[in-house]
Each structure stands twice: as structure tokens, then as C-alpha cells.
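The values are calculated or read from the model by the stated rules, or taken from the named source; none is laboratory data. These numbers come from a predicted model, not from an experiment. Here Cβ is always computed from backbone atoms with ideal geometry, including for glycine, and neighbour counts include all displayed protein chains.
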Amino acid sequence: MLYAFIVTAVVGVLLPAHNALTTNMTKNLKVLVSSNDYPSSGLDVLREHFTVVQSPYCNFGEEGANENKAELLKLIPGSSALVWISHHPITKELLDKAGPQLKIVSTASAGYNHCNVPELKARGIKLSNTPNVLSSAVAEIAVGLILGAARRFTENLDQVRRGEWENGFNKVLGQDVRGSTVGIVGLGGIGQATVKRLSGFEVGKFLYTGHREKPEAKALNAEFTSLDNLLEQSDFIVLAVPLTDETRHMINSTTLGKMKKNAILVNVGRGDLVDQEALYEALKNKNIYAAGLDVTTPEPLPKDHKLLTLPNLFVLPHIGSATLRTRSDMAVLASNNVVNALTGKPLITPVLP
Ligand code: DGY
């Protein structure tokens, strides 16, 4: 009893003292936050431990490519960590400017195709991303795209806006999810969350493809198959894979040619998974039924882009993870990865450990 009391008392005194000491030791480390719209939840985590420098500019769009690019080159020297909030590429020039003390790049995104992985690896800089916390939000958008493309939201909204509704029992008919075969390309966190959300839609069969069978597939009633078989059998094809050299343009004129005439292609991964020229031809010639895209190349898609002339394309401006809660969760995770990297602990979600 006395022993337990002494241990509790000693731990109670020493642990906070140790934490305070560790925090004091890290306070002089500089962490650069690349965008002015990083959630305060993420900033709070960083400010508790480090000296935080935040760009006054947004790291997206033109501002990200111009003013902010120049500003970050000025701000980065001496930083121990870079929190990257953007799909803009991380350049060699920026890493050169940082200096040799840069230990970690923490991207507030699941995808890391913009992070210049070979260059980070060569320099021994750690990289973390934010998977899992965004799977539900992205899966909700995948379901939205399925419904939007299958029920012809683009054409129907256009009719409402023009005030010219097509009437009749046989007009603007769409396709059912009920009884359909849904093929998921990449049964990772987002793919699994999509299947879970669709499980109330009376889907006939779930197929999936990827490098290997996933143990989680059994509980989801999803059947492993080859990409070719999935393309040939599916009424809905959902792309939920990262962009890599292997997956770039995996949907092209050849793979589109394997799909059913009524197939609906949904992309929540990255625009470059799809050869958009081939997709345009397939949609225009009605070789497939429709597509729903949350991601395109480029982003933003210019408003006069020919894809936007197609009535059978339902497109969103890359909003997969764009909810208040999810963006906050992503920021907290990205910041905690920095805390771990700079206090000698393993990364929570490592890409380069
Ligand atoms: C991601 O995290 O990769 C999503 O596309 C949002 O950026």
C-alpha cells in the first residue's frame, strides 16, 4: 500500500516534469505550416511543442503556385518539419532551401503522389500522410457520385435550371444500384468504407481487385478477381487506389473497351488514374453509360473543358475529404506525426518511416 503510494507520488511529480522538460527542449524547433487555412485543431497540437511559422497565403490554386511558392522558399530555412497542405508538388528547390535539419514532411492528405518521395528518401527525410481518418468522408462522396451518375444528376439539374423539364413515364430514366455488380478497384480504407455504405442498397455482388486478397473482404462479402474480370462484369466501377507509376492511366481506351455498355465509372482517387481523352470518347460515343468524378486532370478543370459538355458526366471539385470534422481530424493526425518525428517516436501513419 505504502509502496503503491510512493510510486504514484513519484510518477505524479516526475512525469509532468519530464513532459515539461521534453516540451522545453522542442520549443526551439521550427515547424513550417504551408497554408493559411490549416485547421486550428492542428495548429494547437503543434504550438504546444514547437515554434510554429505559418504561411500567410493559401497553398492551393494560383496563390499556391505563385505568391505562396515564393513565400515558402523564404520561410523554410531552418525548419525541422514541413506540414504540407496542398496537392502542389514539393520541389527539390524547397527541400534545398530548408537545410539539413529538416526531419519530416507531413502531408495532410492520404495521397502522397505530390510529395516527391524519391527525393525525400534520398535525403533521409521522413514522410507521413493521413489515411483512414478520411475514408468515411471520401466513401460518402463515392456513393454520391454513383447516385449522381446513375440517376443523371447533371442532365436533370440542367433541366431544372433551364426550367424545361422533360416529362413522361419514360423520360430521364437512370440505372438502379439495387441488384447491380459493384467493382472496387483497391479495397483499402476508402474502398472498404464504400462497400459498407453501399451494403444497404441491395447490391447484387461486390467484386474487388488489387495486389492481393484482403482479409477484410470476407466480412464485406466482396469477391477477389482480376482487373479484367472486374471491368467485364461490373455495372459500377469505383477507383479507390493511389496514383503510382503502375496505376497512372489504368483506365484507358483498352480498359474502357472491356466495360459493359451500361457501366458507370467513379473516380475518388486521382485524376491521372484515367486517360481523360479516352474517357471523353467512351462517354460521347455511349460506349459506357456515365462517369462520376471527384478528381480530374487538371484541377480545377477549365470551365470550357470538353468533358464538361457531356451530359453523362457528373463531376465534383475534389471534395472527397472536405468536411469540417474530417479536415480537422486530418490536421490533428498530420500534426501528431510531426510531434512523434521530432520527439523520437515512430510515426503514426508513416509513408517513409
Ligand atoms: C487525399 O487526402 O488524398 C484527398 O484526395 C484529399 O486531398
Checklist entry - Among the residues of the range 215-237, is any surrounded by 18 or more Cβ atoms within 10 Å (Cβ to Cβ) and within 21 Å of the chain's Cα centre (by Cα)? => result yes
Next on the checklist: Please pick out the residue among Glu202, Glu166, Glu155 that is at pLDDT below 95, surrounded by fewer than 21 Cβ atoms within 10 Å (Cβ to Cβ) and not aliphatic (A, V, I, L, M).
Outcome noted: Glu166
Checklist entry - How many residues, within the range 275-299, are in contact (Cβ under 8 Å) with a residue 24 or more places away in the chain and either under 14 Å from Leu230 (Cα atoms) or more than 14 Å from the ligand (Cβ to nearest atom) (or both)? => result 17
Checklist outcome for this item: Conditions (1) over 20 Å from Val143 (Cβ atoms); (2) in contact with a helix residue (DSSP H, G or I) (Cβ under 9 Å, 6 or more places away or on another chain); (3) in a loop (DSSP other than H, G, I, E, B) -> Glu246 fails only (2)
Checklist entry - Can you find a residue in the range 98-110 that is crowded, with 21+ Cβ neighbours inside 10 Å, in contact with a Pro (Cβ under 7 Å, 6 or more places away or on another chain), small (Gly, Ala, Ser) and at pLDDT 95 or above? => result yes
Checklist outcome for this item: Given the conditions (1) in a strand (DSSP E or B); (2) more than 16 Å from the ligand (Cβ to nearest atom); (3) touching a residue at least 24 places away in the same chain (Cβ under 8 Å), every one holds for Leu120 apart from (1)
Item to check | Which listed residue is surrounded by fewer than 21 Cβ atoms within 10 Å (Cβ to Cβ) and not small (Gly, Ala, Ser), from Leu273, Leu265, Leu347 | outcome: Leu347
Item to check | Hits in the range 33-52 (condition: closer than 23 Å to Asp96 by Cβ and either exposed (fewer than 14 other Cβ atoms within 10 Å of the Cβ) or within 22 Å of the chain's Cα centre (by Cα) (or both)) | outcome: Val33, Ser34, Ser35
Checklist entry - Which residue, of Thr349, Thr309, Thr326, is among the hydroxyl-bearing types (Ser, Thr, Tyr) and within 23 Å of Gln101 (Cα to Cα)? => result Thr349
Checklist entry - Within the range 269-290, how many residues turn out to be small (Gly, Ala, Ser) and within 23 Å of Ser109 (Cβ to Cβ)? => result 2
Next on the checklist: Considering only the range 285-306, I want to know if a residue exists there that is over 22 Å from the mean Cα position of the chain (by Cα), hydrophobic (A, V, I, L, M, F, W, C) and outside the structural domain of Pro118 (by TED's automatic domain parsing).
Outcome noted: yes
Checklist entry - List pairs: first in the range 24-49 and of a type in the set (Phe, Trp, Tyr), second buried (at least 20 other Cβ atoms within 10 Å of the Cβ), Cβ under 8 Å, 6+ apart or cross-chain? => result Tyr38/Val83; Tyr38/Ile85; Tyr38/Ala108; Tyr38/Ala331
Item to check | Residues that are more than 16 Å from the ligand (Cβ to nearest atom) and among the polar types (S, T, N, Q), drawn from the range 253-274 | outcome: Ser253, Thr254, Thr255, Asn262
Checklist entry - Which members of the range 55-89 meet the condition of being under 17 Å from Leu347 (Cβ atoms) and either in the same structural domain as Thr244 (by TED's automatic domain parsing) or surrounded by fewer than 24 Cβ atoms within 10 Å (Cβ to Cβ) (or both)? => result Ser80
Checklist entry - Given (1) within 16 Å of the ligand (Cβ to nearest atom); (2) in contact with a strand residue (DSSP E or B) (Cβ under 9 Å, 6 or more places away or on another chain), where does Ser136 come up short, assuming only one miss? => result (2)
Item to check | Members of the range 85-116 found to be away from the ligand (no atom under 16 Å from the Cβ), of a type in the set (Gly, Ala, Ser) and in a loop (DSSP other than H, G, I, E, B), listed by number | outcome: Gly99
